[in-house]
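The values are calculated or read from the model by the stated rules, or taken from the named source; none is laboratory data. Only a predicted model underlies this, so the values are computations on that prediction, with no experimental measurement involved. All Cβ positions, glycine included, derive from the backbone under ideal geometry; neighbour counts span all protein chains shown.
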Amino acid sequence: MRKTGIFAVLFFIFSACSPTPATSELTPVTVQLRWTHQSQFAGFYAAEHNGDYAAEGLAVTFLEGGPDMDIHASIKDGRTQFGVAGADSLILRRAAGDPFKAIATIYRHNPLVFITLESSGITQPQDFAGKTILIARFNTAILHAMTSHTGVMPDQYTETCCDYDRFYSGDIDVAHAYLTNEVIKARNEGHRLHIINPDDYGVHFYADTLYVTDEFAIQNPDIVSRFLRATLRGWTYVVANPEAAGPLVQKYNPDADPVLEIAKMTASIPLVNTGEDFIGWMKPGVWAGMEATLREEGLLTGSFDIEQVYAMQFIEEIYLR
Amino acid sequence: MKLTPRFTLVLVLYAAALFIGLGLFAYNSGRETLRSAAISELQATALEKEAALNQWVEDKQADITALAADPEVIRSAETLLTADRESLEFRQAHESFITSAQPRLISGEFLEVSLLHPETGEVIASSTPSEEGKFKEDRLYFLNGRSGSFVQNPYYSVALQDIAMTAAAPLKASDSEFMAVVAAQLNLVEMNEIISRRTAIHETDDAYLVNTSNLFATQPRFLRDPAVLQRGIHTEDVKRCLQKQSGVIETPGYRDVPAIVVYRWLPDRNLCLVVNLDETEAYQPIRAFGWSIAAGSMVALLAAVILAIALARSLTRPILALQEGTARFARGDLDTRLDETSQDELGLLAVEFNRMAQALVEQQTSIRRRAEQFFNLGPDLFCTLNATGRFLDLNPAWKQSLGYEPEELAGKVLTQTVHPEDASATQAAIKKIAREGSGRFESRFPQKNGHYRWLAWVVVTSPQDELLYAAARDITDRRLAEERLRQQAEELERSNRDLEEIAHVASHDLQEPLRLVSTNVQFLSRRYLGRLDQDADEFIGFTLEGTNRMKSLLADLLAYTSISTSLRDYAPVDMEAVFTQVLENLQKEIQNNRATVTHDPLPTVLGDSAQLLLLVQNILDNAIKFRGKEPPRVHMGVSQVTNRWLFYVRDNGIGIAPSYTERVFVIFQRLHSRDDYPGTGAGLAISRKIVERHGGRIWVDSEPGKGATFYFTLQPVEELLPESVQAERLTPETRETVVDRARDLI
């Protein structure tokens, strides 16, 4: 009886001393995506599908975003660990007090552009004065910044939303569009377009950015690094193999059109792999430029330290170590 | 395996190993040489391309600097920067700026030339109108171009959807003040040409640049699809190169074809230069060389095979001749001699063989001569018979013994020559000998004069010769003697039998008249005793006594003879029960003599229970009867000697003098007067008869006054183990003497 007792104690001590029990046990993490399942997140799917997450000891769950949904809420209260959101929204939420920290930017060129019909003769923002522009409310900042940069003030044009038929019929002169979506569809439908890219007019906004909370980054730097490393491996894979995007998206969204998803992924390649530095890399200058633009647009006021919004340590650890 | 093929095989294998080894060595060193050559060539190509690329970039830098220094351009720029965009002056300056750049656009050196605002990076004028109004404030060429001439490394232009390179230089006013940036998008066709320029030597050579984002900066030869180009390249060589390394690797390139790849990191350009050549092509000459080696080796091997066979034949031919000669010799051709002409070891072997053969022949001749001497000298009859039993050789003894000349019997069949009564027995004996290899038999054989003689034959077979060797000896005299002996024995047996029969009949038949005599004498005694005179009484008494003795004698004689005539129907007899019965029978004698009779546990033996009872009773009775002054102490014991039970009966009686120990067993022999010890003197004779009838022996060991010990042996029921523990029951000193004695006697 006494012996059994001693063994029980020993066993308890040993099991307490042994390191993290089994390496086969994966750490569960959840990712809140920005929008519904599509090739915009193909790199994440690839990392999961290719076992990159498992290799890093992670079991990853993806949560869809969608209209009328606050994708930040679950990150903020810790229900999900990772989020994908627009860089500008991260700045604004941080300024509003949410402790969000960007760790890598996937879409380093913003897919948001403005399109005009070739026949309209409108080729640059300078031409927007007196025109009607189809624009969603959450994209007005970029539009205003771009036109302001070229000397055309927002009160010089009319904004409307969101009937593309009126744009194609010539009723509306300019429309916002995504290179990875509407532009492909329009071209597929045979429309001849002129594309006005805010990037050419002083507006350099990062798009999809991976972020966590300050608390999670401090408490689980290892999980963040592992997750990021696997994710970037997934993105490198889909950039090299865009045709994989079709089946990958279908896995999460069976209704998706694989041909369209591949085309969207193909269009995304230069936005993800810009030809400068590395996939996922961030430049402090771009973050500063975004802050400046948001201030100019009056969306951001008061004192605010832009360097709190992003952390280079994880991406530097991966690429520069 | 025979010598020739083995020899050939070894030589061929050796040659094959040699050719393969040499071939592989030559092939590998050739391959290594080719590899080194290919690598050197690729490295030279890489160096040449790097130099050419740097030169081209320098040229472009010089060009843009020259353009920025063009007075017409400076003049136009001054106006473009200051004048109202809508003014005529502006349009003229614009015109003038484009015109100044025109030669370089027409030559295709620049794809687009633009003038950028020094602060905002706005495109003020451009040879591509759609570019005007855009802002390049974050572009590297703008940022760097403000301070000096700069060529931005290949980058992916979202607008162009392609790789682009842009050169820029600061435009300075006549007073050397920085005024604007002149930028030109370079025509990458030239760079592509530099990188993809090929020497006419190879088919699969390829060269391309990759930027730090793994994107192709120039088009590889085998990739044309822009969509595929856009995906970039992630091969091992590029991975290493982008880690700012230079080196050589043999790896499947982007085409998944094994290639020798030289990668070179270009630090000035921040680009990776890859030059490669398919291994198939690089090693093409060695393959042809390999085939030549293989073909040559095959031819050489074929020659080696022929040579090996010839060599093996030349070596084995004399050996085969040797073997053939030896075989011939072995078959009995003793005159065979080998060719001794060869001077080599085989020649020596032949000489030795011939010497051995000669010695063997001589030895054989000598042996034969000796055998013949014995054959001819022997007094016994020697002959050889062939497999069918016909005589072959016969020695001269046949003539001396039986009168035959050898040739008279030669060819005759043995079994047909012997006495007709012995023919079948001889036939059977010969068959048995043929089966067993040797044997003996006896048969009658006729002399030449027709009288038969008994011959004892010893025959051995010689399967090698297919012969029977036979020796016969005339045993007629012995046979006659044996016959006589047999007849005597039979006669003796018959007379013994007759005697016993007579004794039996006599004792039996004599009883009747004796009884008559006895009865009448008793009548006489009863009626006339005391009535006649004293002498008559005495005579009657003597007569009575005599008839009584006669009765006893006859009874014992009958008992004695009946032992021989009784059937030998033996069964297991428990000697313990026999002993008990005897004690009961002798109860009166024991009591009268106050005798003590003891015994060992007694075994069961094989015999006739009634006779054995008689045996034990006689001996015990004697032991009690021939007592001394002391009351008799008799012990019956048993021990095991070889495969018999040895019983003994020891007493403390008067004993027997050693000279009488045999006499006591003779019937009616007495050592003492009837008055001292009553009885007829038949008891021990009957006992001996019983023991001998049972296949045993009986004897006595005694000294007068020291008691006597009677021993007798009986058959066990089953074979006894030799010397069992029961022997231990004898006292040590007597045991040995008894056992020794017993051994002597049995």
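Filter the range A:161-192 for residues that are within 13 Å of chain B (Cβ to nearest Cβ), among the hydrophobic types (A, V, I, L, M, F, W, C) and assigned to a loop (DSSP other than H, G, I, E, B) and give the result.
Residue satisfying the conditions is A:LEU179 alone.
Being in contact (Cβ under 8 Å) with a residue 12 or more places away in the chain, over 16 Å from B:ALA623 (Cα atoms), out of contact with any Gly (no Cβ under 6 Å at 6 or more places or on another chain) and of a type outside the set (Val, Ile, Thr) is the requirement here; does B:GLY679 meet it?
The answer is no for B:GLY679.
Restricting attention to the range B:161-178, which residues are within 25 Å of A:ILE269 (Cα to Cα) and assigned to a loop (DSSP other than H, G, I, E, B)?
If the condition is that a residue be within 25 Å of A:ILE269 (Cα to Cα) and assigned to a loop (DSSP other than H, G, I, E, B), then B:GLN161 is the only one that fits.
Could you check the range B:275-382 for helices (runs of 4 or more DSSP H) lying wholly inside it with 2 or more residues that are hydrophobic (A, V, I, L, M, F, W, C) and over 30 Å from B:TRP457 (Cβ atoms)?
B:284-330, B:345-377
Evaluate the following for A:ALA207: is it within 14 Å of chain B (Cβ to nearest Cβ), under 18 Å from the mean Cα position of the chain (by Cα) and small (Gly, Ala, Ser)?
Numbers: within 14 Å of chain B (Cβ to nearest Cβ): yes; under 18 Å from the mean Cα position of the chain (by Cα): yes; small (Gly, Ala, Ser): yes.
Considered against the rule, which asks whether it is within 14 Å of chain B (Cβ to nearest Cβ), under 18 Å from the mean Cα position of the chain (by Cα) and small (Gly, Ala, Ser), A:ALA207 comes out as yes.
Consider A:ILE133 carefully, then state whether it is more than 14 Å from chain B (Cβ to nearest Cβ), assigned to a strand (DSSP E or B), farther than 30 Å from A:ALA73 by Cα and in contact with a strand residue (DSSP E or B) (Cβ under 8 Å, 6 or more places away or on another chain).
It is true that A:ILE133 is more than 14 Å from chain B (Cβ to nearest Cβ), assigned to a strand (DSSP E or B), farther than 30 Å from A:ALA73 by Cα and in contact with a strand residue (DSSP E or B) (Cβ under 8 Å, 6 or more places away or on another chain).
Search the range B:629-657 for residues being of a type outside the set (A, V, I, L, M) and in contact with a Gly (Cβ under 6 Å, 6 or more places away or on another chain), and hand back the single one that is nearest to B:PRO603 (Cα to Cα). It would help to see each step written out before you state the result.
Within the range B:629-657, the subset of a type outside the set (A, V, I, L, M) is B:629-633, B:635, B:637, B:639-640, B:642-645, B:647-648, B:650-653, B:655.
In the following step, the residues that additionally are in contact with a Gly (Cβ under 6 Å, 6 or more places away or on another chain) were identified as B:648, B:651-653, B:655.
Numbers: B:TYR648: 13, B:ASP651: 21, B:ASN652: 24, B:GLY653: 26, B:GLY655: 27 Å.
Looking at residues that are of a type outside the set (A, V, I, L, M) and in contact with a Gly (Cβ under 6 Å, 6 or more places away or on another chain), I get B:TYR648.
Could you list all residues from the range A:120-130 that are under 23 Å from A:TYR164 (Cβ atoms), within 11 Å of another protein chain (Cβ to nearest Cβ) and over 26 Å from the mean Cα position of the chain (by Cα)?
A:THR123, A:GLN124, A:ASP127
For A:PHE138, are the conditions met, namely being away from chain B (no Cβ under 14 Å), surrounded by 22 or more Cβ atoms within 10 Å (Cβ to Cβ) and part of a helix (DSSP H, G or I)?
When the stated conditions are applied, A:PHE138 does not pass them.
Which of the residues belonging to the range B:106-126 are more than 18 Å from B:ASP70 (Cβ to Cβ), within 13 Å of chain A (Cβ to nearest Cβ) and in a strand (DSSP E or B)?
Pass one, the range B:106-126, residues more than 18 Å from B:ASP70 (Cβ to Cβ): B:108, B:111, B:117, B:119-123.
Next, from what is left, pick out any that are within 13 Å of chain A (Cβ to nearest Cβ): B:117, B:119-123.
Across the range B:106-126, the qualifying residues are B:GLU122, B:VAL123.
Kindly provide the set of residues from the range B:286-331 that are in contact (Cβ under 8 Å) with a residue 24 or more places away in the chain, within 15 Å of B:PRO5 (Cβ to Cβ) and of a type in the set (Val, Ile, Thr), ordered by number.
Answer for the range B:286-331, where residues must be in contact (Cβ under 8 Å) with a residue 24 or more places away in the chain, within 15 Å of B:PRO5 (Cβ to Cβ) and of a type in the set (Val, Ile, Thr): B:VAL305, B:ILE309, B:THR316, B:ILE319.
To keep it simple, each residue is scored yes or no on (1) within 14 Å of chain B (Cβ to nearest Cβ); (2) in a helix (DSSP H, G or I).
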{"residue": "A:ALA217", "(1), (2)": "no, yes"}
{"residue": "A:VAL239", "(1), (2)": "yes, yes"}
{"residue": "A:PRO270", "(1), (2)": "yes, yes"}
{"residue": "A:ILE279", "(1), (2)": "yes, no"}
{"residue": "A:TRP287", "(1), (2)": "yes, yes"}
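Say whether the condition of being part of a helix (DSSP H, G or I), surrounded by 10 or more Cβ atoms within 10 Å (Cβ to Cβ) and polar (S, T, N, Q) is met by at least one residue in the range B:531-540.
no
Could you check, for the range A:67-81, whether at least one of its residues is more than 15 Å from the chain's Cα centre (by Cα), in a strand (DSSP E or B) and among the acidic types (Asp, Glu)?
No.
From B:PRO103, B:PRO71, B:PRO154, B:PRO129, which residue is crowded, with 21+ Cβ neighbours inside 10 Å and either under 27 Å from A:TYR201 (Cβ atoms) or more than 14 Å from chain A (Cβ to nearest Cβ) (or both)?
Matching residue, one of B:PRO103, B:PRO71, B:PRO154, B:PRO129: B:PRO154.
Could we say that B:SER36 is closer than 30 Å to B:PRO267 by Cα, at pLDDT 85 or above and surrounded by fewer than 18 Cβ atoms within 10 Å (Cβ to Cβ) here?
It is true that B:SER36 is closer than 30 Å to B:PRO267 by Cα, at pLDDT 85 or above and surrounded by fewer than 18 Cβ atoms within 10 Å (Cβ to Cβ).
Looking at (1) within 14 Å of chain A (Cβ to nearest Cβ); (2) buried (at least 21 other Cβ atoms within 10 Å of the Cβ), which is the one condition that is false for B:LEU143?
Only one criterion is unmet by B:LEU143, namely (2).
For the range B:567-680, please list each of the strands (runs of 3 or more DSSP E) lying entirely inside it that holds at least 1 residues being closer than 17 Å to B:PHE710 by Cβ.
Of the strands (runs of 3 or more DSSP E) lying wholly inside the range B:567-680, those with at least 1 residues that are closer than 17 Å to B:PHE710 by Cβ span B:596-599, B:604-607, B:633-641, B:644-650.
Keeping to the range B:192-226, report how many residues are assigned to a strand (DSSP E or B) and within 14 Å of chain A (Cβ to nearest Cβ).
Selection size over the range B:192-226: 4.
If you scan the range A:295-317, which residues turn out to be modelled with pLDDT under 85 and either out of contact with any His (no Cβ under 9 Å at 6 or more places or on another chain) or in a loop (DSSP other than H, G, I, E, B) (or both)? Before the answer, list the steps.
Start the filter on the range A:295-317 by keeping residues that are modelled with pLDDT under 85, which leaves A:296-304.
Selection gives A:GLU297, A:GLY298, A:LEU299, A:LEU300, A:THR301, A:GLY302, A:SER303, A:PHE304.
Does B:GLY133 meet the test of being assigned to a loop (DSSP other than H, G, I, E, B) and touching a residue at least 40 places away in the same chain (Cβ under 8 Å)?
no
For the subset of the range A:86-119 comprising residues that are farther than 30 Å from A:GLU307 by Cα and surrounded by fewer than 17 Cβ atoms within 10 Å (Cβ to Cβ), which member is farthest from the other protein chains (Cβ to nearest Cβ)?
That would be A:SER119.
Take A:PHE227 and decide whether it is in a loop (DSSP other than H, G, I, E, B), at negative phi and within 19 Å of the chain's Cα centre (by Cα).
Judged against the criteria, A:PHE227 is not a match.
B:SER149 is checked against (1) at pLDDT 85 or above; (2) over 21 Å from B:LEU271 (Cα atoms); (3) touching a helix residue (DSSP H, G or I) at 6+ places or on another chain (Cβ under 9 Å); (4) more than 14 Å from chain A (Cβ to nearest Cβ) and fails just one. What number does that condition carry?
Answer for B:SER149: the failing condition is (2).
Which one is surrounded by the fewest Cβ atoms within 10 Å (Cβ to Cβ), of the residues in the range B:640-671 that are free of Cβ contacts under 8 Å to residues at least 12 places away in the same chain and more than 25 Å from B:SER562 (Cβ to Cβ)?
Filtering first and then ranking leaves B:SER659.
So which of A:ILE262, A:ILE195 is within 13 Å of chain B (Cβ to nearest Cβ), buried (at least 18 other Cβ atoms within 10 Å of the Cβ), in contact with a helix residue (DSSP H, G or I) (Cβ under 9 Å, 6 or more places away or on another chain) and hydrophobic (A, V, I, L, M, F, W, C)?
After applying the criteria, what remains is A:ILE262.
Could you list all residues from the range B:390-408 that are under 25 Å from B:PRO463 (Cβ atoms) and at pLDDT below 85?
Selection gives B:PRO406 alone.
Taking A:ALA256 as meeting all but one of (1) at pLDDT below 90; (2) more than 14 Å from chain B (Cβ to nearest Cβ); (3) part of a helix (DSSP H, G or I), write down the number of the exception.
So A:ALA256 meets the others, but not (3).
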